[in-house]
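Below is one structure, written out as structure tokens; the observations come after it.
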Amino acid sequence: MNSPQVTVSPAHNRGQPSMRGVTTGLIADAYWLGENVADEYGLRRHELLVALWFEASQGQQRFRQNEPRLWPM
């Protein structure tokens, strides 16, 4: 199993933090809107959690103000 990586490179997505070609901000937005992010963007659960963790700790302020959300079973 490969480790999930958040990539920040000027050559990809204008330097915005990304995972598998999708910005972590877009992943977090979709998750908070209730979309099935893992299927839509081809992410595994651990990759989704890393992207959400990144946005919660390093991302824009709007993600750091939200209440924690339970993982759907």
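Points to keep in mind about this one:
- Restricting attention to the stretch 16-46, the residues that are small (G, A, S) and in a helix (DSSP H, G or I) add up to 4.
- Applying the set (1) over 10 Å from the mean Cα position of the chain (by Cα); (2) at pLDDT 90 or above to I27 leaves exactly one unmet item: (1).
The values are calculated or read from the model by the stated rules, or taken from the named source; none is laboratory data. Here the structure is a predicted model, which is why all the values come from computation and not from measurement.
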